[in-house]
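Engineer: Pasting in a structure now, in structure tokens, and then I'll have a few things to ask.
Coordinate-derived values only; no laboratory data. Predicted, not measured: the structure shown is a model, and the values here were computed from it. Using ideal geometry, Cβ is built from the backbone for each residue, glycine included, and neighbour counts are taken over all protein chains shown.
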Amino acid sequence: MLVASVLWGTTGTAATFAPEVSALAIGSVAMGLGGILQALVAAPQIARHTPGLREQRGVVLLGAASVAVYPLAFYSSMHLAGVAVGTVVSIGTAPLASALIERVVDGRRLTRRWMLAASLGLLGTVLLCVAEAGQATAGASTAAMLLGVGLGLVAATTYALYAWAAHRLITGGVPSRAAMGAVFGLGGLLLLPVLLATGAPLVGSWPNAAVGAYMAVVPMFAGYALFGWGLAHLPASTATTLSLLEPAVAAVLAVLVVGERLPAAGWTGITLVIACLAVLTTPSPTARRRKQQPRSPEAENESNDAMQGELVPPGAA
């Protein structure tokens, strides 16, 4: 999951090498072609598990629609409100949206560990984006800013929805490759009209085409293949919280590759994001001790909740 977040964090730097390509074209080529590529690679698994996918076709369609809406809302949010504000709203609020979905639909409740990690990550993301907000939002009108924030909330919600949908399919017996291929393949097909309408600059030069190919193959195809594998082992809320590493990676690459400067508040934000990831991924001393001792089924379930979840079922200790 963390490797996927690192790959996603390279998209902003990669896009700087094709400045004449619009945000909508970048989003549609990345998620559109990347999703279709996932479906083609997973075609044998999708065919074998078609009955299971049909049984959960509502979840598949919800996930596919969310995949199609997410990049359009995300990149439009950054265009209207600025990269900093668009990022903090879209990525920073996704864990909260994911937790709310799991609480309402699956009946899970938050643990203190998840709340601590999410608070550190959200605060770090806010600091990171505020550090660049002055330049990113210069000249933006109030109406554009509000619309950009609204689209950022749409992006956060759709990100949380397709993560939840893929996790629901995987835990329902569909292998991760088939689940991700079906959801992202259908979502990619929905994005093709947008790509056809906006993607002409992508074939206007070899550098533009290389950026589009990179976006589709590396961050989206490879990144979401890893994302699907992670969803087989973690709740969707944990996955979206771990993805807070993405804006931190993007900021570091902007400094190292693009030549941007990051104020002290930005580096403080990166430190808080790393602390968030440490809280989520480091097993507690109690869990480590229990792993070395024979356990009853009830204790085993409790330990698994502590390791993954950041969410546990209602009524659990």
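Engineer: Classify segment 58-131 as rounded, prolate or oblate, taking a ≥ b ≥ c as the square roots of the eigenvalues of its Cα gyration tensor: rounded when a/c is under 1.5, otherwise prolate if a/b is larger than b/c and oblate if not.
Structural biologist: Here segment 58-131 falls in the oblate category.
Engineer: For THR50, what is the net charge nearby, where nearby means another residue's Cβ is under 15 Å from its Cβ and Lys, Arg count +1, Asp, Glu -1? Walk me through the numbers on the way to the answer.
Structural biologist: Values: positive: ARG48, ARG54, ARG57, ARG177; negative: GLU55.
My count for the surroundings of THR50 gives +3.
Engineer: Shape call for segment 1-140 from the C-alpha gyration tensor, a ≥ b ≥ c root eigenvalues: rounded (a/c under 1.5), prolate (a/b greater than b/c) or oblate?
Structural biologist: oblate
Engineer: Shape call for segment 20-59 from the C-alpha gyration tensor, a ≥ b ≥ c root eigenvalues: rounded (a/c under 1.5), prolate (a/b greater than b/c) or oblate? Write down the numbers at each step before the final one.
Structural biologist: Numbers: a/c = 7.90, a/b = 2.30, b/c = 3.44.
Since a/c reaches 1.5 but b/c is at least a/b, the shape of segment 20-59 is classed as oblate.
Engineer: For HIS233, HIS49, which order do you get if you count the other beta carbons within 10 Å of each Cβ and list the fewest first?
Structural biologist: HIS233, HIS49
Engineer: Next question. For segment 71-110, what is the convex hull volume of the alpha-carbon atoms per residue, in Å³? Don't jump to the answer; show the numbers that get you there.
Structural biologist: Working: hull volume 2.4 nm³, N = 40.
Cα-based convex hull of segment 71-110, divided per residue, equals 59 Å³.
Engineer: Could you calculate the FRET efficiency of THR282 with VAL104 from 1/(1 + (r/R0)^6), where r is the beta carbon distance between them and R0 is 51 Å, rounded to 0.05? Please report the intermediate quantities before stating the final value.
Structural biologist: Values: r = 29 Å, r/R0 = 0.57.
Computed FRET efficiency for THR282 and VAL104: 0.95.
Engineer: Still on this structure: Calculate how large, on average over all directions, the projected area of the Cα convex hull of segment 191-249 is; give the answer in nm² to one decimal.
Structural biologist: Mean projected area for segment 191-249: 5.3 nm², to one decimal.
Engineer: Listing MET215, MET145, MET180 from the residue with the fewest other Cβ atoms within 10 Å to the one with the most, what is the order?
Structural biologist: Numbers: MET215 28, MET145 15, MET180 33.
Taking fewest neighbouring Cβ atoms as first place, the list is MET145, MET215, MET180.
Engineer: Determine, for PHE17, PHE227, the number of other Cβ atoms within 10 Å of each Cβ, and report the residues in order from fewest to most.
Structural biologist: If I rank by nearby Cβ atoms, fewest first, I get PHE17, PHE227.
Engineer: Once R0 is set to 51 Å, what does the formula 1/(1 + (r/R0)^6) return for the Cβ-Cβ distance between ARG261 and LEU196, expressed as a FRET efficiency to the nearest 0.05?
Structural biologist: FRET efficiency, ARG261 to LEU196: 0.85.
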